[in-house]
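Coordinate-derived values only; no laboratory data. Here the structure is a predicted model, which means the values were calculated and not measured. Please note: Cβ atoms are built from the backbone with ideal geometry, for glycine as well, and neighbour counts cover all protein chains shown.
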Amino acid sequence: MTDSELRSTVFRGYKTELDPNRDQVALFTKCSGTARWTYNWGLQRKIETYRATGKTLTRFDLERELVCRKRSDSPWLAQVSSRVPGEALKDLETAFQRFFRGRQGSRRYGFPQYKARHERLGSFRFSGDAVKVEDSRIWLSRIGWVRLKERDYLPASGVHLVAATVSERAGRWFVGLTVRYTTARPTAHDGAVVGLDLGLMKLAVLSDGTTFSRVHSFRRSENQLRRAQRAQARRKTGSPNWRKAVRRVARLHARVRDYRHDGLHKLTTELTRTKSLIVVEDFQAKALSRNRSVAGSLWDASPGEFLRQLSYKSKWRGGTILVAPLFFPSSKLCSRCGWLAAEMALSQRAFRCERCGLEIDRDLNAAKNLEALAASPADSNACGEDVTPYRAAFLVETGTVNADGGRSSWKMTSPAIGLRGEDH
């Protein structure tokens, strides 16, 4: 293979907290307001033009109109970098493209909506040529050098800067840096193959018996949040004390999120470093959240974020994520003999097989069944050659009754399921 075939182009994101002074915070707020105003103005102009003429305005048409407004009735637009409104119009164009495309995977995009001022201060973005990075600071166009709270985290050399997004959350300002670089393709991982079952009692259970406890990020701050939200409700809306109470609630929610993501990052990093193939279920969080008794615990566990991190980190380290079919009964299937239970309540934490007598923890049994999918035969072409190694076949219930009167086990059939996961 040539050297170019052994290397690949990678896009990667870095996010860290800024340490701006008071003047820079004022500039950040002004840039965020300009980006929000530009987005809403562009959306309104596109709607008005389409209703009047049946045609739409392109991003370049809006940029030309914005330059004219800057010279006439909106000179305040010149107080910030021209990159800020330009990137906001790019976001608007992307929103319309997604709307006309309709659906990407499991996500459906609706018509672009106006950005509300009262929700948060918002964010703004610069293209890569308007950004410079050093060890402990970052330079932004028309703002200058801004200190970083984390030293030597953002890449200062050896990469191409694509964009930098400055955003506010709970009174703290962050910068997200997108970079592009060329690196050697990751070599095949030589770690173990495991099945992974996500649960509510334990965050994850592996087929080798390893268990990972949940972080319970919300539970540790639940009482503080309750008191803070009660205090906010008693304040007069819009008053200085009400704004102070709102900031306190936002800080507590940010702390909960940070606890949760810290635990998930540590776990997913450990798994992707030590496992070559991880078999997981196609987790449907929205469907399960309809059960009010488990919805709070489900969202606190954040299974979607866990699977997202697991996917892109596996790609970085040469591993593979295998997603089981949506209706694969991992919890109701005996991992020893293949007997299938007709029903199994969520409160039943142990699996008991009526055929072979196996009694095992419910989550561990599910993890073992998921691991068995990795051993399923690969798809083959007309010549009998493997074309999709490490892809499990769909499991299809036969619906017949065995001679012993029990349900028939699940059998392996094609087609194979695909691999999921995108780079962060």
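With 25 Å as the limit on Cα-Cα distance, the pairs of K266/K368; K15/K90; K46/K132; K15/K315; K90/K149; K55/K115 that go past it are K46/K132; K90/K149.
Extending 7 Å from the Cα toward the beta-carbon at both D129 and E354 defines two label points whose distance is 7.2 nm. When the Gaussian network model of the chain links Cα atoms closer than 10 Å, the mean-square fluctuations of A233, A52, A88 top out at A52. For N21 and S74, what does the FRET efficiency come to when R0 = 22 Å and r is the distance between their Cβ atoms, rounded to the nearest 0.05? Calculated transfer efficiency: 0.20.
Length gained on full extension, T211 to R98, computed as 0.36 nm times the residue gap minus the Cα-Cα distance: 36.7 nm. Say the dipole of the chain comes from +1 at the beta carbon of Lys and Arg and -1 at that of Asp and Glu; which of L6, I360, Q79 then lies farthest toward its positive end? Of the candidates, Q79 comes out farthest on the positive side. Counted residue by residue at 0.36 nm each, then reduced by the alpha carbon distance between them, the extension gain from A287 to T182 reaches 33.8 nm. Which angle between 0 and 90 degrees, to the nearest 10, do you get for helix 292-301 versus the longest principal axis of the chain when only C-alpha atoms count? It is inclined by approximately 70 degrees. In this rough spin-label picture, where each label sits 7 Å from Cα along the Cβ direction, the F327-S221 distance is 4.0 nm. Rounded to the nearest 500, the helix-only mean residue ellipticity at 222 nm of the chain stands at -12000 deg cm²/dmol, with each DSSP H run of n ≥ 4 adding -39,500 (n - 2.57).
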